[in-house]
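The values are calculated or read from the model by the stated rules, or taken from the named source; none is laboratory data. Everything quoted here is computed from the prediction, not taken from an experiment. Reconstructed Cβ throughout: ideal geometry from the backbone, glycine too, with neighbour counts over all protein chains shown. Accessible surface areas use protein heavy atoms only, side chains included; no ligands, DNA or RNA. Shrake-Rupley method; radii C 1.70, N 1.55, O 1.52, S 1.80 Å.
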Amino acid sequence: DIPLLEISRVSMGLFGGILLGAFMLGLLTYRTNASGLIAGLCGGIIISLATTCFFYLIPAREDRISFMWLGMVSKLSVVIIGYTASIFCKAGRRNINKYVIWSRFSRKGGGEAPTEVSRNQLLTDPE
């Protein structure tokens, strides 16, 4: 009933969306911690499987959502749940500004163009 290509896209949307959500959560937000990431992954898996079962596999073919939405749902659920859980779990706060992608460019001096922080600075900097 479902073509093989569509099955592969559904599985990649499910698991790839969850992994992409975890990477986005870590690279784009300052508040993320390990507890929030684990909560986001668990919540994302549950929501993704429920969405796939109830809105894609069980309904008739004409009532299904598009398989392309499954990756978006899983990614957004991981990011939203993980960020919200990270706000409430304040365990292990430390200076993570150098690891977030927005902090990779710093302004040195007044009006100079932003320069990329070198890899050696990231590895040797104690903070």
*Taking the stretch 53-67 on its own, how many of its residues are open to solvent by 100 Å² or more (accessible area, probe 1.4 Å) and either in contact (Cβ under 8 Å) with a residue 24 or more places away in the chain or among the hydroxyl-bearing types (Ser, Thr, Tyr) (or both)?*
1
*Scan the stretch 11-32 for residues that are surrounded by fewer than 20 Cβ atoms within 10 Å (Cβ to Cβ) and outside any helix (DSSP H, G or I) and jot them down.*
29, 30, 31
*Could you say which residue among 35, 8, 48 is open to solvent by 40 Å² or more (accessible area, probe 1.4 Å), within 18 Å of residue 73 (Cα to Cα) and among the polar types (S, T, N, Q)?*
8
